[in-house]
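Visitor: Structure in structure tokens, see below.
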Amino acid sequence: MGEDIAAAPGSLVRASRTGRVAVATRQLAGWGKTVVLDHLDGHLTVYAGMEQVLASPGAVLRQGTPLGRLGSRALHFEIRYGSQPK
């Protein structure tokens, strides 16, 4: 599930909502460079396939804060409630 969102290489990826960085990794199997935000209400957002990760685990990011930068791949974006994609 989720959506693939194409944008120009170098585009900033921004937090869709305020949340705490639960995962910020350079290599998540099958997903590449990935950030997962925990919105502390059961919802998570996943941002995968980035060229560069700008966020650190545990950081609190406000809505609109850059968390990564795209390369030539589309951004894979998911909203999850617990472990279930929505």
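The values are calculated or read from the model by the stated rules, or taken from the named source; none is laboratory data. The model shown is predicted, which means the values in this text are computed figures rather than measured ones. With ideal geometry, Cβ positions are generated from the backbone for all residues, glycine too; neighbour counts draw on all protein chains shown. What goes into the accessible areas is simple: the full protein's heavy atoms, side chains included, and nothing from ligands, DNA or RNA. Shrake-Rupley method; radii C 1.70, N 1.55, O 1.52, S 1.80 Å.
Visitor: Sort K86, K33 by accessible area with a 1.4 Å probe, largest first. Walk me through the intermediate numbers first.
Guide: Details: K86 145, K33 60 Å².
From most accessible down to least: K86, K33.
Visitor: How do R62, R69 stack up against each other in accessible area, from largest to smallest, with a 1.4 angstrom probe? All intermediate terms of the calculation are to be shown ahead of the outcome.
Guide: Values: R62 170, R69 85 Å².
Ranked from most to least accessible, the order is R62, R69.
Visitor: Would you kindly calculate the translational diffusion coefficient of the chain, applying Stokes-Einstein with the Kirkwood radius from alpha carbon pairs, for 4 °C and a viscosity of 1.567 mPa s, and quote it in µm² s⁻¹ without decimals? Walk me through the numbers on the way to the answer.
Guide: Details: Rh = 12.5 Å.
After rounding, the answer is 104 µm²/s.
Visitor: Shifting gears a bit: Averaged per residue, what accessible area in Å² does the chain show with a 1.4 Å probe, protein chains only? Could you put the intermediate results ahead of the total?
Guide: On the way: 4910 Å² over 86 residues.
Per residue, the chain has an accessible area of 57 Å².
Visitor: Hey, what did the chain get for relative contact order, percent, Cα under 8 Å, at least 6 apart?
Guide: Values: 231 pairs, mean separation 33.8, N = 86.
Result for the chain is 39 percent.
Visitor: Keeping all protein chains in place and using 1.4 angstrom, which order do S72, S11, S56 fall into by accessible surface area, from largest down?
Guide: The most accessible residue leads, giving S72, S56, S11.
Visitor: Need the full-extension length gain, R62 to A8, defined as separation in residues times 0.36 nm minus the C-alpha distance. One decimal, nm.
Guide: Details: separation 54, 0.36 × 54 = 19.44 nm, distance 2.33 nm.
Using 0.36 nm per residue and subtracting the Cα-Cα distance, I get 17.1 nm.
Visitor: Could you please state how large a percent of the accessible area of the chain is carbon and sulfur, counting protein chains only and using a 1.4 Å probe? Kindly include the intermediate steps, with their values, before the conclusion.
Guide: Details: 2570 of 4910 Å².
Here it works out to 52 percent.
Visitor: What is the magnitude of the charge dipole of the chain about its Cα centre, with +1 placed on the Cβ of each Lys and Arg, -1 on the Cβ of each Asp and Glu, and no other charges, expressed in debye to the nearest 20?
Guide: Numbers: 10 positive and 6 negative charges, 36 e Å.
Computed about the Cα centre, the dipole is about 180 debye.
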